[in-house]
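Colleague: Supplied in structure tokens, the structure appears directly below.
The values are calculated or read from the model by the stated rules, or taken from the named source; none is laboratory data. Every value quoted in this text rests on a predicted model; they were computed, and no experiment measured them. Methodologically, a virtual Cβ is constructed for each residue, glycine included, from the backbone with ideal geometry; neighbour enumeration extends over all protein chains shown. Side chains included, ligands, DNA and RNA excluded: accessible areas come from the protein's heavy atoms. Shrake-Rupley method; radii C 1.70, N 1.55, O 1.52, S 1.80 Å.
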Amino acid sequence: MPEIMKTSSFFIKFFLWLILSCTAGSVMLITGIYLYLAPELPEAEQLLNVDLQTPLRLYTADGKLITEFGEKRRTPITFEQVPPQFINALLASEDDGFFEHSGVDVKGLARAVFQLVTTGQKKSGGSTITMQVAKNYYLTSEKTFTRKFTEIMLALKIERALSKQQILELYINKIYLGKRAYGIEAASQVYYNKSINELSLAQLAMIAGLPQAPSAANPINSPNRAILRRNYVLARMRNLEKITQEEFIEAANAPVTARYYGANSEVSAPYIAEMVRREMVDQYGDEAYTKGFNVFTTIKSDRQLAANVAVQKGLLSYDRDHGYRGPEKNLNTIRITDVPNNPILADWLKVADNSFDINWPATLEQWHTELNKYGSDGLINSAVVLDTRKDGALLYSLNGFVWLPFEGMAWAAPYLSINSFGKKPTSVTDVMKQGDIIWYEINGQSTRLAERPKAESALVSLDPNSGALQALVGGFSNTGNQFNRAIQAERQPGSAFKPFIYSSALANGLNTASIINDAPVVFDSSKIEDIWRPDNSSGKFYGPTRMREALIRSQNLVSIRMLDQIGMKAAFEHIRKFGFDTSTMNRDLSLALGSSAVTPMQLARAYAVIANDGYLIDPYFIERIEDSMGNVLYEATPKMTPQLAPLCGGVNVINNDNLTEQNHSIAQCAPRVLDSENRFLMVSMMQDVIRKGTGRRALVLKRADIAGKTGTTNDQKDAWFSGFNPEVVSTVWVGLDSPTTLGRYASGGTTALPIWIDYMRVALKDLPVANYPQPENIFSVRIDPENGLLAAPGQSNAIFEYFRENEIPTQYTPYYSNGLGEDVGLDEVIPEQLF
């Protein structure tokens with residue numbers, strides 16, 4: 001017995017020494033590891049100053065979001081902005097002892113280690129939220145003992161340095177939650193298009209359950225797994241008595257309402273967005289996407305929206321005028337027989353009459369797969385034709401079911417060529433059949449068949465007094481094509497270039513009443529290929545014509561003769577003042593007809609000189625750049641006219657010395673390049689283009705202060721309208737990307753001008769009608785319209801014309817109309833009053 005007791009005593013001592021040795025060894029090991037790792041541990045306070053990767057965001061001048069760029073969508077929020085119920089859901093899911101432990105859950109770690117040792121599998125996590133913060137901010141995802149121990153040490157350090165609320169705030173803004181969403185506010189926007197404060201309990205629980213498997217178990221990729229995870233979170237909340245039984249049942253039975261929402265753009269401006277993105281990358285490199293820059297553009301949201309609609313509306317109208325090319329494709333190779341099991345179709349069948357064929361073309365998933373390839377494109381949406389009948393067709397789009405009446409497709413005569421189309425349809429089946437993927441647009445209260453136009457367009461709108469870009473559209477859509485026609489498409493402007501030829505003529509001795517012969521002319525020059533016989537688009541010749549009348553009627557021969565008279569050298573010297581690079585322009589008389597290519601932006605800038613009383617501005621589109629904290633990093637200093645910067649009045653070259661210290665930080669002076677007299681005369685003639693010339697359609701705006709010029713090139717390959725009032729200048733181009741004819745009936749006045757009108761109706765709606773002050777050196781004189789000489793007293797057909805003082809006619813007309821159809825000779829000179 002004593003020997004047994006001795007043996008027992010020996011084993012007890014052995015095990016005690018073994019436990020003591022292991023404990024001491026463990027303590028020494030842990031101490032050694034701590035001493036090894038401690039010098040490398042970062043200071044926990046640094047977490048408060050960590051720059052979270054936040055996307056680049058672009059805004060309009062009035063603060064509406066255009067878009068964002070960056071791999072990570074993140075919107076940091078404070079702890080106070082988080083709804084308490086989400087905190088409850090998150091802690092129930094991830095760390096219910098968060099407010100009790102000191103950064104490490106010893107029991108949880110021990111349980112995880114025991115399960116790993118006994119089963120070889122990781123069945124439960126031992127990481128607290130604090131440990132996850134340490135890992136997410138400082139460590140990699142490698143699974144090693146050293147990394148785990150470092151995570152624990154950092155967690156303890158973080159808990160000593162930061163409050164629980166600060167730790168939670170770091171966690172909810174950093175954690176990845178699927179679909180490029182980092183942080184709970186971004187996830188709320190991505191899945192529900194709402195702020196986190198607007199979500200229901202079921203939605204909050206859904207987001208709270210995402211950290212475990214954000215890619216594999218989010219409600220978009222795997223709705224069933226997401227529901228299981230959400231309901232687990234809700235059950236944990238119920239067990240912890242954070243919600244009632246009634247709340248649990250209601251939330252657990254809630255359907256999945258999540259879908260993917262891209263950046264919540266308030267204003268569609270994809271072309272200007274790409275322009276800004278390139279500028280930011282050029283300036284900041286890849287950090288442009290991660291530093292949370294906020295870029296405020298010069299774009300006005302109401303004008304940009306109007307520009308988008310005007311361009312698409314105009315192109316869709318042009319497209320309807322040329323016939324229907326047919327559906328995108330047909331899906332009738334796919335059939336379905338199990339209609340009742342499709343809840344959406346079953347709902348429809350409850351209200352549809354029995355005349356519909358229920359042999360539907362595809363399953364719901366197949367429809368979505370196909371329609372997602374097309375989606376929506378501004379004013380138009382893609383849809384599949386489910387069935388047709390006498391009075392219309394039933395469509396299914398990503399927005400649901402749509403009824404397209406026959407009246408909405410009655411325009412769809414088949415396209416034959418650019419100048420011809422077939423017979424108008426007499427039945428729905430003449431236009432479409434079941435399974436067709438087509439486009440439709442909502443036109444007021446009705447639905448109309450549509451198609452993606454082949455023609456393209458661009459619109460540029462500037463503030464002529466600063467160069468601020470107020471709206472820009474580079475095409476019908478940037479889907480699949482990033483080509484920005486507003487700044488990249490170099491096209492012949494046609495007659496829209498004539499104002500600069502006319503201005504050159506005014507600067508070189510001619511006046512608005514100068515007579516130029518509109519008669520056939522033949523040029524045989526080495527600078528022009530072969531023999532050139534230009535004519536007018538009407539095919540008519542008007543003989544001796546006053547300059548004003550020639551611009552109103554856009555007479556080609558007059559422009560050519562004027563350019564020939566003043567000479568190419570003088571013309572180029574003057575045209576250069578409008579900002580054109582004349583080195584790339586044609587060095588022959590075809591220049592008078594706008595044969596040298598320009599971009600819509602270049603033409604708009606040049607027209608701004610006439611609109612703003614003769615100052616050359618520089619277009620710009622970034623107003624300011626702010627960092628993620630709202631600090632201003634850059635602010636534009638545009639060249640302004642006296643209209644916006646009165647101290648710039650009279651400046652003929654850029655002269656910053658004339659600005660006060662206050663104004664110096666916000667503006668420079670735009671150089672005057674055109675005298676007021678020339679500008680006034682040009683405005684007067686271009687107003688007449690609208691009053692009684694090729695721009696008459698614009699009279700619908702009922703504005704006395706608008707002026708402009710149409711432009712149409714050979715074979716109707718390009719159609720232009722550029723016009724302005726003193727506060728807005730806008731240019732519209734329409735054409736095909738590969739220059740081919742738009743059709744015999746296309747022109748600047750019929751194709752581009754309607755787009756300009758629709759846009760300017762919005763752009764000018766809140767602006768009072770402006771005046772163009774008459775310079776002191778300009779006088780209004782009664783003249784004979786036939787010869788430009790002074791009118792005789794009582795001459796019935798006399799008109800008023802503007803002249804510079806030194807160019808007022810001194811000779812009276814030798815013959816004039818007496819109102820009876822008779823020409824009467826004038827025997828004496830009688831002084832005429834000037835106005």
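Colleague: Give the value in nm², to one decimal: projected area of the alpha carbon convex hull of the range 428-573, averaged over all directions.
Modeller: Reported value for the Cα convex hull: 15.8 nm².
Colleague: Let me check I've understood the local charge: for Gly70, count other residues with C-beta under 12 angstrom from its C-beta, Lys and Arg +1, Asp and Glu -1. What total comes out?
Modeller: The answer is +3.
Colleague: At a Förster distance of 51 Å, what's the computed FRET efficiency of Asn797 paired with Leu398, Cβ-Cβ distance as r, to 0.05?
Modeller: So, using R0 = 51 Å, E works out to roughly 0.20.
Colleague: For the full complex of protein chains and a 1.4 angstrom probe, list Lys423, Lys329, Lys765 by accessible area with the highest value first.
Modeller: Sorted by accessible area, descending: Lys423, Lys765, Lys329.
Colleague: Once the whole set of protein chains is in place, how much accessible area is left on Arg703, using a 1.4 Å probe, in Å² to the nearest 10?
Modeller: In the full protein context, Arg703 sits at about 40 Å².
Colleague: Shifting gears a bit: Explain nothing, just the number: relative contact order of the range 565-612, from Cα pairs under 8 Å at least 6 residues apart, as a whole percent.
Modeller: 38
Colleague: Between Ala468 and residues 5 or more places away or on another chain, which pairs have amide H atoms under 5 Å apart, with H built 1.01 Å from N, and which residues are they?
Modeller: So Ala468 has HN proximity to Asp463, Tyr620.
Colleague: Return the sequence-ordered ³J(HN,Hα) values of the range 698-707 in whole Hz as given by the Karplus equation 6.51 cos²θ - 1.76 cosθ + 1.60 applied to θ = phi - 60°, using x for Gly and Pro.
Modeller: 5, 4, 4, 6, 6, 10, 8, 10, 9, 9
Colleague: Give the Kirkwood hydrodynamic radius (Å, one decimal) of the range 154-280, defined as one over the mean of 1/r across all pairs of different Cα atoms.
Modeller: 16.4
Colleague: Calculate, for Lys373 and Asp618, the FRET efficiency according to 1/(1 + (r/R0)^6) with r their C-beta to C-beta distance and R0 35 Å; round to the nearest 0.05.
Modeller: 0.25
Colleague: Rounded to the nearest whole Å², what accessible area per residue is found for the range 534-646 with the 1.4 Å probe?
Modeller: 39
Colleague: Can you list residues from other chains, or at least 5 along the same chain, whose modelled amide H is less than 5 Å from the amide H of Asp718?
Modeller: Thr713
Colleague: Once amide H atoms are built 1.01 Å from N in the peptide plane, which residues 5 or more positions from Glu623, or in another chain, come under 5 Å H to H?
Modeller: Phe296, Thr297, Thr298
Colleague: Here's another thing I want to ask about it. Starting at the first residue of the range 489-501, write each ³J(HN,Hα) from the Karplus equation 6.51 cos²θ - 1.76 cosθ + 1.60 with θ = phi - 60°, in whole Hz, x for Gly and Pro.
Modeller: Running phi through 6.51 cos²θ - 1.76 cosθ + 1.60 with θ = phi - 60° gives 7, 9, 10, 5, x, x, 5, 5, 8, 4, x, 7, 5 Hz.
Colleague: A further question on this structure: If R₀ is 35 angstrom, what is the calculated FRET efficiency for the pair Glu407 and Thr741, using the beta carbon separation as r and rounding to 0.05?
Modeller: Once rounded, the FRET efficiency stands at 0.70.
Colleague: Another question, if that's okay. May I ask you to compute the full-extension gain from Gln445 to Leu65, defined as 0.36 nm times their residue separation minus their alpha-carbon distance, rounded to one decimal in nm?
Modeller: Stretched fully, the Gln445-Leu65 segment lengthens by 133.9 nm.
Colleague: Follow-up. Apply the Karplus parameterisation 6.51 cos²θ - 1.76 cosθ + 1.60, with θ equal to phi minus 60°, to every residue of the range 309-314 and state each ³J(HN,Hα) to the nearest whole Hz, in sequence, with x for glycine and proline.
Modeller: Calculated HN-Hα couplings, in order: 5, 4, 5, 5, 4, x Hz.
Colleague: To check my understanding: the extent here is largest minus smallest coordinate of the Cα atoms along each principal axis. What are those three numbers for the range 664-815, in Å, largest first?
Modeller: So the extents along the principal axes, rounded to whole Å, are 54, 52, 28.
Colleague: Also: Which of the peptides 602-608, 581-587 is most tightly packed, and how do the rest follow, going by the mean number of other Cβ atoms within 10 Å of each residue?
Modeller: The packing order, highest mean first, is 602-608, 581-587.
Colleague: Test of understanding: express the Cα radius of gyration of the range 661-748 as a ratio to 2.2 N^0.38 Å, with N the residue count.
Modeller: So the range 661-748 has a normalised radius of gyration of 1.41.
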